[in-house]
Amino acid sequence: MTVRTRLLAVPALAGVLYFSAILAGMPGFDHRVWIFYTVLFLVWHLLLHVERPALIIVIAVHGIVAALFLGLGSLIGQWTGFAPSLAFSLALGAVSTAVARAVRVSPEEVEELAELAEQARRSNEAQQPEPVPEPVPEPEPEPEPEPAPEPQPEPEPEPEPEPEPEPEPEPEPEPEPEPEPEPEPEPEPEDEAEKAIEAALEALEAALDALPPEAVRQADLVAAITPALGSVPLDDLVSALFVRARNGGLARDHMALSVLITNPQVAEQSLGTGDSDAAFLLILAAGDDKALAHWAGQSLAMLEQVPDAWQDMPEDEAMREAGETMPAARDGLEALIGRRPRWEEDQQDAAQ
């Protein structure tokens, strides 16, 4: 079974689980059935989700969700007068949970997909030709200063009579000179530059860690990343945020990567590296639909300023499949796909 099929199967099985809860509530609300579905929803969360918030919060949330679906089923049952088999409903929910656990995309597979995306980005960087430095013009020679006029000799004074020589005193022994202290070696400029880069990256890590892990604002992400743009080489900065997004797995880190990759100046300097495609694959493999919708919106705005960045974007078919898997990102991805024909027309007009 392909990764795409498995990504589509898990939301479908979640829908089956919720539908079974509605069926189980149609005979009437029963507190024992409510306890069963609360536990079943909790098992689903523990088996399929990587995040581990406080257990009491998870239990409370799933208890409320189970009560809502059972209550909805009870209303439907009273309105229609239809009451399906309770055993069938419970078995349907348990089987859908077990199948979802078997077909889910594991964190190890997500890690492998992220590594493939990173390798693709590095291979694209390696294929880019190095820029040829422009020749530096030689400075013009300065004119030689004119020689100063020679001073005329003054008349010599008349010699005075020499006094009788006095006996010379015996010379005192000169003290031995103290050895001069050895100068301390000056720090090399390369060491100072590396320390400055490390300090800037540590400041970036601290600024991102201080933001909320999920509901993070765009302005806060821009404020955290902007200082590093002027003090860290672009390749080091992009690699640092790719590693953080791959290892952290939080929406904050995925959105921070999108903010950097879709910065117009960064996109223009990184043409041909495939960074946008690599970021898309990483977020898609993590299953973060909100971060993927954010990436799509940021990319659409960036392409208005840097049209040539389309060469680094994923294929339309890949974005279309991602939109089917993640409904929250579908509108943004479809808008991005619809923008490509305009770019191709602009390219044809420019060629003519």
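The values are calculated or read from the model by the stated rules, or taken from the named source; none is laboratory data. Quick caveat: nothing in here was measured; it's all calculated off a predicted structure. FYI the Cβ positions are ideal-geometry reconstructions off the backbone, even for glycines, and counts take in every protein chain you see. Side chains included, ligands, DNA and RNA excluded: accessible areas come from the protein's heavy atoms. Shrake-Rupley method; radii C 1.70, N 1.55, O 1.52, S 1.80 Å.
Yes or no, residue by residue, for (1) within 21 Å of residue 111 (Cβ to Cβ); (2) open to solvent by 40 Å² or more (accessible area, probe 1.4 Å); (3) modelled with pLDDT under 85; (4) over 10 Å from the mean Cα position of the chain (by Cα):
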{"residue": "247", "(1), (2), (3), (4)": "yes, yes, yes, yes"}
{"residue": "258", "(1), (2), (3), (4)": "yes, no, yes, no"}
{"residue": "261", "(1), (2), (3), (4)": "yes, no, yes, no"}
{"residue": "265", "(1), (2), (3), (4)": "no, yes, yes, yes"}
{"residue": "269", "(1), (2), (3), (4)": "no, yes, yes, yes"}
{"residue": "272", "(1), (2), (3), (4)": "no, no, yes, yes"}
{"residue": "278", "(1), (2), (3), (4)": "yes, no, no, yes"}
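Within the range 254-268, which residues are within 20 Å of residue 314 (Cβ to Cβ) and not small (Gly, Ala, Ser)? First the steps, then the outcome.
Initial filter on the range 254-268 (within 20 Å of residue 314 (Cβ to Cβ)): 254-264, 266-268.
Matches in the range 254-268: 254, 255, 257, 259, 260, 261, 262, 263, 264, 266, 268.
Condition test on residue 314, is it at pLDDT 85 or above and open to solvent by less than 80 Å² (accessible area, probe 1.4 Å)? Walk me through it before giving the result.
Numbers: at pLDDT 85 or above: yes; open to solvent by less than 80 Å² (accessible area, probe 1.4 Å): yes.
The answer is yes for residue 314.
Among the listed residues 17, 47, 40, which satisfies the condition of being surrounded by 13 or more Cβ atoms within 10 Å (Cβ to Cβ), within 22 Å of residue 213 (Cβ to Cβ) and modelled with pLDDT under 90?
Values: 17 fails: within 22 Å of residue 213 (Cβ to Cβ); 40 fails: within 22 Å of residue 213 (Cβ to Cβ).
47 is the lone residue from the list that is surrounded by 13 or more Cβ atoms within 10 Å (Cβ to Cβ), within 22 Å of residue 213 (Cβ to Cβ) and modelled with pLDDT under 90.
List every residue pair whose Cβ atoms lie under 9 Å apart, where the two residues are 6 or more positions apart in sequence or sit on different chains, the first residue falls within the range 262-281 and is closer than 12 Å to residue 234 by Cα, and the second residue, located anywhere, is at pLDDT 85 or above and in a loop (DSSP other than H, G, I, E, B).
If the second residue must be at pLDDT 85 or above and in a loop (DSSP other than H, G, I, E, B), the pairs left are 265/306; 267/306; 268/306.
(1) closer than 30 Å to residue 214 by Cα; (2) open to solvent by 40 Å² or more (accessible area, probe 1.4 Å): which one isn't true of residue 9, the others all being true?
Here residue 9 clears every test but (2).
If you scan the range 71-109, which residues turn out to be of a type in the set (Ser, Thr, Tyr) and open to solvent by 60 Å² or more (accessible area, probe 1.4 Å)? Walk me through it before giving the result.
Taking the range 71-109 first, the residues of a type in the set (Ser, Thr, Tyr) are 74, 80, 85, 89, 96-97, 106.
Result: 80, 85.
Give the number of residues within the range 112-153 that are in contact with a Lys or Arg (Cβ under 8 Å, 6 or more places away or on another chain) and at pLDDT below 75.
1
I'd like to check something: does the range 25-44 contain any residue that is closer than 25 Å to residue 321 by Cβ and in contact (Cβ under 8 Å) with a residue 24 or more places away in the chain?
Yes, because at least one residue in the range 25-44 is closer than 25 Å to residue 321 by Cβ and in contact (Cβ under 8 Å) with a residue 24 or more places away in the chain.
What number goes with the only condition from (1) at pLDDT 85 or above; (2) of a type outside the set (Ser, Thr, Tyr); (3) within 24 Å of residue 216 (Cβ to Cβ) that residue 330 does not pass?
Against the list (1) at pLDDT 85 or above; (2) of a type outside the set (Ser, Thr, Tyr); (3) within 24 Å of residue 216 (Cβ to Cβ), residue 330 comes up short only on (1).
Given the criteria modelled with pLDDT of 85 or more, within 18 Å of residue 9 (Cβ to Cβ) and in a helix (DSSP H, G or I), does residue 95 qualify?
On the way: modelled with pLDDT of 85 or more: yes; within 18 Å of residue 9 (Cβ to Cβ): yes; in a helix (DSSP H, G or I): yes.
It is true that residue 95 is modelled with pLDDT of 85 or more, within 18 Å of residue 9 (Cβ to Cβ) and in a helix (DSSP H, G or I).
Take the residues in the range 210-234 that are at pLDDT 80 or above and charged (D, E, K, R), then tell me which one is most open to solvent (accessible area, probe 1.4 Å).
Ranking the qualifying residues of the range 210-234, first place goes to 217.
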